[in-house]
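Remarks on the structure that follows.
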Amino acid sequence: MWFEIHCHSNRSDGKNTPDEMVDFAKKNGLSGIVITDHDTIDGSLEMLKHNSPEFQVIPGMEVSSRDGHILALNVRELIPKDLSAKETVERIHSAGGIAIAAHPYDRYRSGVGDLMHEVDFDAVEVLNGHTFGNTKDPAVEAKKSGLPMVGGTDAHTAKEVGGVRIKVPKDLIE
């Protein structure tokens with residue numbers, strides 16, 4: 001099963017509607033998607049109407065913590081922005097979600113950096129379709145922490161969806 005776990009609709013800074021993002025993911029042969037709009041969950045929750053045995057829609061968002069961006073997968077409530085990374089991850093876990101350090105060492109965008117070693121993250125995004133330079137190699141750092149490694153397109157248009165995808169043997173959340 002192939003999943004896009006990091007993309008943005010026009011509910012935050014993306015170009016396309018959540019429906020268009022899901023439609024393109026399906027046409028592109030993906031098994032599922034997580035729409036991770038910045039600091040809002042509305043578009044992602046709306047897309048649950050597309051969830052089916054053939055195509056999995058997982059609610060999520062990208063939270064702007066004080067310390068950097070954090071992907072929140074499998075959450076159905078708004079996680080507030082501007083909390084510390086530690087508080088943000090705790091809120092994600094309390095909501096039953098998975099906390100992923102998004103583009104942690106991106107040279108140009110906000111990532112949590114070395115806090116990925118101190119905070120209870122569930123995984124690290126080591127490949128991001130919009131990262132053009134890292135201050136450290138996120139894969140090396142993830143290995144140091146023993147954290148699972150994932151990738152996401154960080155798509156802001158439907159045509160980008162699935163450019164970076166992850167393969168899982170079955171249900172993504174499991």
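The values are calculated or read from the model by the stated rules, or taken from the named source; none is laboratory data. Everything numeric in this text was worked out from a predicted model, so none of it was measured. Glycine gets a Cβ as well: all are built from the backbone with ideal geometry, and neighbour counts include every protein chain shown. Quick note on the areas: whole protein, heavy atoms, side chains included, nothing else; ligands and nucleic acids left out. Shrake-Rupley method; radii C 1.70, N 1.55, O 1.52, S 1.80 Å.
Being of a type outside the set (Phe, Trp, Tyr) and over 29 Å from Thr17 (Cα atoms) is a description that applies to Asp114. Anything in the range 1-30 that is over 16 Å from the mean Cα position of the chain (by Cα), within 17 Å of Arg165 (Cβ to Cβ) and not basic (Lys, Arg)? List them, or say none. Result: Met1, Asp23, Phe24, Asn28, Gly29.
Here is the figure for the range 129-159: residues that are within 14 Å of the chain's Cα centre (by Cα), closer than 11 Å to Ala101 by Cα and open to solvent by less than 40 Å² (accessible area, probe 1.4 Å) total 2.
Within the range 19-29, the set of residues being assigned to a helix (DSSP H, G or I) and in contact (Cβ under 8 Å) with a residue 24 or more places away in the chain comprises Asp19, Glu20, Met21, Val22, Asp23, Phe24, Ala25, Lys26.
Taking the criterion of being basic (Lys, Arg), out of contact with any helix residue (DSSP H, G or I) (no Cβ under 6 Å at 6 or more places or on another chain) and not in a loop (DSSP other than H, G, I, E, B), would at least one residue in the range 91-109 satisfy it? Yes, the range 91-109 contains a residue that is basic (Lys, Arg), out of contact with any helix residue (DSSP H, G or I) (no Cβ under 6 Å at 6 or more places or on another chain) and not in a loop (DSSP other than H, G, I, E, B). Look at Phe3 and say whether it is more than 25 Å from His93 (Cβ to Cβ) and either crowded, with 23+ Cβ neighbours inside 10 Å or aromatic (Phe, Trp, Tyr) (or both). For Phe3, the condition - more than 25 Å from His93 (Cβ to Cβ) and either crowded, with 23+ Cβ neighbours inside 10 Å or aromatic (Phe, Trp, Tyr) (or both) - is not met.
Listed by first and then second residue, the pairs linking a residue in the range 119-135 that is more than 26 Å from Arg91 (Cβ to Cβ) to a residue that is acidic (Asp, Glu), with Cβ atoms under 9 Å apart and 6 or more places separating them unless they lie on different chains, are Gly129/Asp154; Gly129/Glu160; Phe132/Asp106; Gly133/Asp106; Asn134/Asp106; Thr135/Asp106. Does the range 49-60 contain any residue that is modelled with pLDDT of 95 or more and farther than 24 Å from Pro169 by Cα? No; the residues of the range 49-60 include none that is modelled with pLDDT of 95 or more and farther than 24 Å from Pro169 by Cα. For the range 89-115, filtered to residues that are farther than 16 Å from Asp37 by Cα and in contact with a Lys or Arg (Cβ under 9 Å, 6 or more places away or on another chain), the residue that is surrounded by the fewest Cβ atoms within 10 Å (Cβ to Cβ) is Gly96.
Filtering the range 160-174 to residues that are assigned to a strand (DSSP E or B) and either closer than 17 Å to Ala99 by Cα or open to solvent by less than 20 Å² (accessible area, probe 1.4 Å) (or both) leaves only Ile166. Determine if the range 70-88 includes at least one residue that is open to solvent by 10 Å² or more (accessible area, probe 1.4 Å) and under 17 Å from His156 (Cβ atoms). Checking the range 70-88: not a single residue is open to solvent by 10 Å² or more (accessible area, probe 1.4 Å) and under 17 Å from His156 (Cβ atoms).
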